[in-house]
Amino acid sequence: MLKVKLRDVEFKNPIITAAGTFGKGYELADSFDLSKLGGIIPKTITLKKRAGNPFPRLVETPCGLINSIGLENDGIESFVKNTYPVLKRLPVKIIASISGETIEEYVELLKILVLETDIEVFEINLSCPNVEKGGEEFSQDVEVLTDLLLKIRDVTERLLWAKLPPDVYGIIDRVRAVVSSGFDAVVLSNTYRATYVDVDKMSYSLAKEHGGLSGPAILPVSLYIVKEVKKAFPDFPVVASGGVFSVEDVVRYILVGAHLVEIGTMNFVKPEKVFTLPDELATYLHRKKKSLGEIRGYLIS
Amino acid sequence: MPRKIRSERGELIKKRIFGEFGVFTFALPKIAEEVMPGQFVMLKIKDEKDPLLARPFSVFYAEDKVLELFVKRVGRTTTELFALNTGERVNFLGPLGNAFKNAGSSVVLIGGGSGVAPLNFYARKYGFGRFLIGFPSYLEGLFDIFPDGVDIVTEDGSFGKKGYPTDYLSGDEGIVYACGPLPMLRSLEKKRSKNLENTYVSLESMMGCGFGICAGCGVKKRKEEGYFRVCSDGPIFSFSRIAI
């Protein structure tokens, strides 16, 4: 009843944990039932190991959290050798998020993952606000973005999602690039560039001055972006992400057309909650006497 | 590797306030039964979006389905905690982090301010050779909450020994377990420079999650590049492995 199909890949339900908010993917495997979820996205993988940014990397803001983690991860070699064998045994669909500093790095990462793993879905992270090279910068120029997306699409037939930075003004052109490159979905959106200041210390709250804002504070803006994109591309699947803290928030994104919904910052605060969202969504649908397909995009058409 | 954590509602059954410090006793059956000395819990007072994050607290004592926190009032969450009435319920996640290894009753425990919490749990569960605690000043009733034989040090000398707890270490002790403010840990590092291997510290850090999924907390590795995660690699580290 909650199943979602994107091309030939079936998701048990629309609830997925967002990259960077669920560790390597297995940390909570002994504490909660991962099979409840539609999928999990382990922390973004890069070609080389990254130590991440200096501390402090986090600052809490009203109803939000700014992070400048900087894609800390052990690199692709360790992912394939150490992390993936553990993830493979988990009773949940794995979606791999990757980020490169160059187009060639993205292509190489994806080639390795296609060759060494059975992962069916890849989220191309084009939106990390916390790295010096790559990440967000590829989304700035639509031509560069299109070139990158086409080269990535050439690597594999498996499902590809492009995760874009949030933008309330120029998002349509970027999503058009994603659609025309033959990608299977767009993920909207990553965190918002943000900063905060500690008035006692008279300094920036983060060692890197700024980072990406997440949490309930961003939900209305990310919801607006999903709505605008779905109005422009009603048939193109959107994976929504940003500030979900309840089943009502999940429904909000589905009503404006999202196929899948990623849950991020909430996992830090209430790690148990994401596992109850699918049942809560089923209860909502039952109460409304509607199917998931009937409420998806209800406000768009 | 994964540890089992749980989310559990705890009811405040007793609160004792000593100036800016307080001991809060919660009925928290499951976590209280599982938690070991040195481990911590994440506490969220209100199920609201602001403040958003839960806050980490080392456990002061746990026994018979009851868990105690020893807290200094510093910010929003601790202020909300001090204002809590008995009978009210709050949300806990736990048990989190690693625990002090049971090194028997000859170990030297040294704590400053709210950092005495995890050491008190060790002292009461396993015993101690010496247990030094440091506070700025005398506070009525405060020192009665610690086990017999505790060595009290106050900065102003208003009670017990005068100065800082690290003043009363020779540096040649066997195993030392410590927790406290940064200046105390720095002075401990100097005192124990020949014995860092056997000096274990429990670190405090701002945390996003408390169980290793956000990558928001870290302490520099001493011998190589990179960071340990304070919440899931620690909070307890041998001083020989970290640089503060």
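Backbone phi angles across region A:218-224, fed through the Karplus curve with coefficients 6.51, -1.76 and 1.60 (θ = phi - 60°), yield HN-Hα couplings of 8, 3, x, 6, 5, 5, 4 Hz in residue order; Gly and Pro are listed as x.
Compute the Cα gyration tensor for chain A, then decide on rounded, prolate or oblate, letting a ≥ b ≥ c be the square roots of its eigenvalues: rounded whenever a/c is under 1.5, prolate when a/b is larger than b/c in the other cases, and oblate in all that remain. Rounded shape, in that the Cα axes give a/c under 1.5. For region B:6-96, the relative contact order works out to 42 percent when only alpha carbon pairs closer than 8 Å and six or more residues apart are counted. I need the fraction of alpha carbon pairs in chain B separated by more than 34 Å, rounded to a whole percent. Here the tail beyond 34 Å accounts for 11 percent of pairs.
Summarising the amide proton neighbourhood of A:L159: residues at separation of 5 or more, or on other chains, whose placed amide H is nearer than 5 Å comprise A:F122. Note that region B:141-151 has calculated 3J(HN,Hα) couplings of x, 4, 6, 6, 7, 9, x, 4, x, 5, 9 Hz, one per residue in order, obtained from phi through the Karplus relation 6.51 cos²θ - 1.76 cosθ + 1.60 (θ = phi - 60°); glycine and proline are x. With the cut-off at 1.5 for a/c, could you classify region A:168-301 from its C-alpha gyration tensor as rounded, prolate or oblate? Oblate is the answer for region A:168-301, as a/c is 1.5 or above yet b/c matches or exceeds a/b.
Identify the GluC sites (Glu not before Pro) of region A:62-136 meeting these criteria: DSSP loop state and at most 14 other C-beta atoms within 10 Å of the C-beta. Walk me through the numbers on the way to the answer.
Details: sites: A:E72, A:E77, A:E101, A:E104, A:E105, A:E108, A:E116, A:E120, A:E123, A:E132, A:E136; in loops: A:E72, A:E101, A:E120, A:E132.
Passing sites in region A:62-136 are A:E132.
Each residue of region B:181-198 was assigned a 3J(HN,Hα) from its phi angle through the Karplus curve 6.51 cos²θ - 1.76 cosθ + 1.60 (θ = phi - 60°); the sequence is x, 3, x, 5, 5, 5, 5, 5, 4, 5, 4, 9, 4, 8, 9, 4, 3, 9 Hz, with glycine and proline shown as x. Grouping the Cα pair distances of the protein assembly as shown into 20 Å bins from zero gives a pair-distance distribution of 21, 51, 24, 4 percent in increasing distance order.
Over region B:65-150, calculate the relative contact order: mean separation of alpha carbon pairs under 8 Å at least 6 apart, over the residue count, as a percent. Spell out each step's value before the answer.
Numbers: 68 pairs, mean separation 21.5, N = 86.
About 25 percent, as a whole number.
Loop-resident GluC sites (Glu not before Pro) (DSSP state other than H, G, I, E or B) in region B:200-244 with no more than 13 further Cβ atoms inside 10 Å of their Cβ: B:E224, B:E225.
Could you line up B:K191, B:K220, A:K289 from fewest to most neighbouring Cβ atoms inside 10 Å?
Details: B:K191 20, B:K220 15, A:K289 7.
Fewest to most other Cβ atoms nearby, the residues stand as A:K289, B:K220, B:K191.
Taking a ≥ b ≥ c as the square roots of the eigenvalues of the Cα gyration tensor of region A:242-297, is the shape rounded (a/c under 1.5), prolate (a/b larger than b/c) or oblate? In terms of gyration-tensor shape, oblate. If you run the Gaussian network model on chain B, springs between alpha carbon atoms under 10 Å, then out of B:L43, B:L53, B:L109 the most flexible one is B:L53. Within the listed set B:K161, B:K223, B:K15, the Gaussian network model of chain B (springs between alpha-carbon atoms below 10 Å) gives the highest mean-square fluctuation for B:K223. Annotation: amide H-H contacts under 5 Å for B:F18 (H modelled 1.01 Å from N, sequence separation of 5 or more, or interchain): B:V23. Here the calculated FRET efficiency for A:R7 and A:S203, from their Cβ-Cβ distance with R0 = 56 Å, stands at 0.70, rounded to the nearest 0.05.
GNM on chain A, alpha-carbon springs under 10 angstrom: the most fluctuating residue among A:A207, A:A258, A:A162 is A:A207. The relative contact order of region A:142-301, computed from alpha carbon pairs under 8 Å that lie at least 6 residues apart in sequence, is 18 percent.
No lab work stands behind these numbers, since they all come straight from the coordinates. Treat the numbers as computed from the prediction; the structure is a model and nothing was measured. Don't worry about glycine lacking a Cβ; one is built from the backbone with ideal geometry, like all the others, and counts go over all protein chains shown.
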